[in-house]
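Everything on this sheet refers to the single structure shown next.
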C-alpha cells in the first residue's frame, strides 16, 4: 500500500507550526518567514518556483524528497487560503498562483465544499469534508498507487498523526520562539514510540527530525 508522508514541516522551539493572525498578506501570521527561511534559500525551493541557483547541502538534501513518488496531497483549508466560513469568492484559487507547485490532485479539508478547481500544470483542488480515514481513501485512489503527502497546516498533520495514519514525518525544528499560534504536538503524547527517529542539524541552525515506521 502507498505510504502517507509529511515533508519539510517547520516548527518553532516551542512547538508552533504557524503564527497567530493569519491573513492574505501574512500566510503564517506573526511568524512571518521565520519558520521557513531555511527552505527559501535551497536549490529545491528555487527550482519549484521556476528559478535557478539556491543553496545545496543538508537543507536541500532533506527538502528535495518532498516530491519524490507523490501522487496526491491532503491539506487543510488554512493552507489553501485565509477565508473562513462559507466561501465568498470562488474566483480566488489560493495562495499558489496560476501554476501551483503540487502538480497532483490536492484534497482540501473544509466543512464548506465547493466545486473542483483545475489549475495549470496538473494541480486539481478538490474540496472535501470527511474524517482523516475517509479523505485518505479518496487521495489514495487519486494517487494511483503512489504515496500521499499530508501538506499541513498543524491541525491537519496533527489529526492524521492522532489517527495513526502517517508512515513518514519530516519535522524541521527552527531555533525561534513564537509564543503563540497553532501547535503541532498537542495531544500526541507517546508519539515517539511508533517511529524510528533520526536527526541531523544543518549549518542554517535548524534540526531535521525524521520519524519513520520501523
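Computed from the coordinates by the stated procedures, all read-outs in this text should not be read as laboratory data. This one's a predicted model, so the numbers in the text were calculated from it and none came from an experiment. Every residue, glycine as well, gets a Cβ built from its backbone with ideal geometry; the counts of neighbours run over all protein chains shown.
A few remarks follow.
- What the Cβ-Cβ distance of residue 89 and residue 177 gives, at R0 = 45 Å and to the nearest 0.05, is a FRET efficiency of 0.80.
- Spread over its residues, the convex hull of the C-alpha atoms of the chain is 121 Å³ per residue.
- Under the simplified labelling scheme, the residue 52-residue 103 pair shows an inter-label distance of 1.9 nm, with each label point 7 Å from Cα along Cα→Cβ.
- Centre separation in Å (Cα based) which lies between the range 2-43 and the range 182-209: 14
- At the listed q of 0.24 Å⁻¹, the Debye profile of the range 100-170, built from one uniform point per Cα, gives log10 I(q)/I(0) equal to -1.26.
- The radius of gyration of the Cα set in the range 88-214, together with its Dmax, comes out at 16.5, 45 angstrom.
- Cα→Cβ-extended label distance, 7 Å offset, between residue 207 and residue 146, nm: 3.3
- Taking the inverse of the mean reciprocal distance over all distinct Cα pairs, the Kirkwood hydrodynamic radius of the range 7-69 comes to 12.7 Å.
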